[in-house]
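The values are calculated or read from the model by the stated rules, or taken from the named source; none is laboratory data. All figures in this text were calculated on a predicted structure; none of them were measured in a lab. Backbone-built Cβ (ideal geometry, glycine too); neighbour counts: all protein chains shown. The area values use the complete protein model at the heavy-atom level, side chains included, leaving out ligands, DNA and RNA. Shrake-Rupley method; radii C 1.70, N 1.55, O 1.52, S 1.80 Å.
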Amino acid sequence: MVADFNVAKSPKDIAFYASLLAAAFPICQMMTIMYWSRLSDRIGRRPVLMIGLLGYLVSFLMFGICRSFYWALFARCINGLLAGNVAVIKSVFAEISDDTNRPRMMALLPLMWNL
């Protein structure tokens, strides 16, 4: 995909630009995840989860149809900025579990992300 954007002049540059695309999501997620957590405390978990899922949908569609590297980078940044679901889902798990099943639920959470 990065090679098709014609931003790289050599194969080494392709790896650099691909790593920029890969790093854009977690950097933007790190900048906003605390705000999403606070917002979920204020307006509720369900609206924040729905906003995050809708943001995922829009940003993944943008990423899939983009024709330039900068639009792809923008789509990945939007994806990261709207990715507050991780912290919110962990708090939902903590709220719906008790002391008997909480360790198991938290241990299964990374498995669920990979499915």
Residue in segment 17-29 that is among the polar types (S, T, N, Q), open to solvent by less than 90 Å² (accessible area, probe 1.4 Å), at negative phi and over 17 Å from the mean Cα position of the chain (by Cα) present: no
Residue within segment 74-84 that is β-branched (V, I, T) and more than 27 Å from I14 (Cα to Cα) present: no
Matching residues in segment 68-86 - criterion: being without any contact (Cβ under 8 Å) to a residue 40 or more places away in the chain and farther than 20 Å from M30 by Cα: Y70, W71
Restricting segment 67-86 to residues that are under 15 Å from the mean Cα position of the chain (by Cα), in a helix (DSSP H, G or I) and of a type outside the set (A, V, I, L, M, F, W, C), the residue that is surrounded by the most Cβ atoms within 10 Å (Cβ to Cβ): R76
Residue match in segment 87-109 (condition: surrounded by fewer than 13 Cβ atoms within 10 Å (Cβ to Cβ), in a helix (DSSP H, G or I), without any contact (Cβ under 8 Å) to a residue 12 or more places away in the chain and of a type in the set (K, R)): yes
